[in-house]
1. Only one of these is among the charged types (D, E, K, R), farther than 14 Å from LEU48 by Cβ, touching a strand residue (DSSP E or B) at 6+ places or on another chain (Cβ under 8 Å) and without any contact (Cβ under 8 Å) to a residue 40 or more places away in the chain: LYS111, LYS76, LYS83. Name it.
2. What number of residues within region 78-131 satisfy the criterion of being open to solvent by less than 40 Å² (accessible area, probe 1.4 Å), outside any loop (DSSP other than H, G, I, E, B) and closer than 16 Å to ALA167 by Cβ?
3. So in region 30-75, with the set limited to residues that are open to solvent by 100 Å² or more (accessible area, probe 1.4 Å) and basic (Lys, Arg), which one is modelled with the lowest pLDDT?
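The values are calculated or read from the model by the stated rules, or taken from the named source; none is laboratory data. Nothing here was measured: the structure is a model prediction, and the numbers come from that model. All Cβ positions, even for glycine, are placed from backbone atoms using ideal geometry, and neighbour counts span all protein chains on display. All accessible areas refer to the heavy atoms of the entire protein, side chains included, with ligands and DNA or RNA removed. Shrake-Rupley method; radii C 1.70, N 1.55, O 1.52, S 1.80 Å.
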Amino acid sequence: MNLDEKSLFLDAMDDVKPLKNCNSSQWLKPVKEKVVQKLDTVQLDNFLTTGFLEIIPLDTLLEFKREGLQTGVLDKLRQGKYKQEASLNLIRQPVEQCRQMLFAYIQEAKKDGLRNLLIVHGKGREDKSHANVVRSYVARWLAEFDEVQAFCSAMPHHGGSGACYVALKKSDQAKVENWERHAKHSR
């Protein structure tokens, strides 16, 4: 410690007074608060299955379309022409964590009235790799949601076979707004 540092220290400690009876002072270790596990009420309704899984080969593109959905909608989705409103990254997450994250994500997107999503699940080099297992589960899980109208593998600039586009049903509010917009033009 040089002279300048010592004088700065002494100036800073000038108004400090020593404890009178140091023998009676006790220094207690900080008490760690117990972490109370919160019950995740969103996951109570999680219906996504985790049983037997048929692995989708890496060279097979993901694709799903509900009955009644126009082919043009799926074509636009496949070409990445819909603006992605939100994305979810599942890379290197355990399968159960992916299940919980996907369920909460779709529920939140539905609540927020989102229509077009991007889910990044990763891609492995082998059919039995973890990334491909997650990819296969994501394909199964997305089809289990009534809200999901369609999904397909993403374009290369959005992750290619390591990601997928998801189209959700319109919310009731969006249907009313769409009807009002188009009803004005037909008058």
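1. LYS83
2. 10
3. The qualifying residue modelled with the lowest pLDDT is LYS38.
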